[in-house]
Amino acid sequence: MPGLQMFEKILSEKEERIDLARACLMIAEDAYPGLDVERYIGDIERLAIRLRACIPQSGGAEARVVALNQFLYGDLGYWGNTEDYYDPRNSYLNEVLDRRTGIPITLGVVYMELGRRVGLPLEASRSPGTSWCGCGCAAARWCSTRSQAARRRPRTSCAGGWSA
């Protein structure tokens, strides 16, 4: 199936079934012809397997959020690109995965895709000057990204807010 038709098919799914990582990688193919989309999907799957090993078996959504935050921002060192926020690479999921840095919306895609793979029903929202995702539990309300995320890193637990 040609790329545009495949992209249309992905986006025609019900919102909760859209493969967001694949859609973002398909957008990146425009700037990176020949991009190995399946490799990056595999990378995300492998990260999720590693993340699952960090989640307490008895933990609910809040424990999964804490584990996701520690894994993504602590163990893997993902961060908002404070040195060059407007670098176009910050907008392409493949680059964010390779460089472990990006802007709030692309970091939010990584966050949501890993969360989805470990059973966190994360949702994204956008309002002027703010991007965020959460799952409704107290610890997850602002865990992924806000416009300030490029300048700040979230704490291991979001219940305490953002650290400078």
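Nothing in this text is a laboratory measurement; each read-out follows from the coordinates by a stated rule. Since this is a predicted model, take the numbers as computed values, not measurements. Cβ coordinates were reconstructed from backbone atoms using ideal geometry, including for glycine residues, and neighbour counts include every protein chain displayed.
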Check your understanding: If one puts a single equal scatterer on every Cα of segment 51-110 and applies the Debye formula without solvent, what log₁₀ I(q)/I(0) results at q = 0.27 Å⁻¹?
Key -> -1.03
Point to revise | Ranking of ASP84, ASP75 by count of other Cβ atoms within 10 Å, fewest first | key: ASP84, ASP75
Review point. Can you sort PHE7, PHE71 by how many other beta carbons sit within 10 Å, fewest first?
Key: PHE7, PHE71
Exercise for review: Check each of the trypsin sites (Lys or Arg not before Pro) in segment 1-109 and keep only those in coil by DSSP with at most 12 other C-beta atoms within 10 angstrom; list them in order.
Suggested key: LYS14
Exercise for review: Provide the per-residue ³J(HN,Hα) series for segment 85-101, in order, calculated from phi with Karplus coefficients 6.51, -1.76, 1.60 and θ = phi - 60°, each as a whole number of Hz, with x at glycine and proline positions.
Suggested key: 3, 8, 4, x, 4, 5, 9, 10, 4, 4, 5, 5, 5, 6, 9, 6, 8
**Study point:** Principal axis box of segment 7-92, alpha-carbon based, largest edge first, Å
**Key:** 42, 37, 21
Exercise for review: Can you pull the one-decimal nm distance between simple spin-label points at ARG52 and GLU38, each 7 Å off the Cα toward Cβ?
Suggested key: 2.1
Check your understanding: At GLU29 and ILE10, where each label point lies 7 Å from the Cα along Cα→Cβ, what is the point-to-point distance in nanometres?
Key -> 0.8
Practice item. Going by C-beta contacts inside 10 Å, put TYR111, TYR73 in order with the fewest on the left. Key: TYR73, TYR111
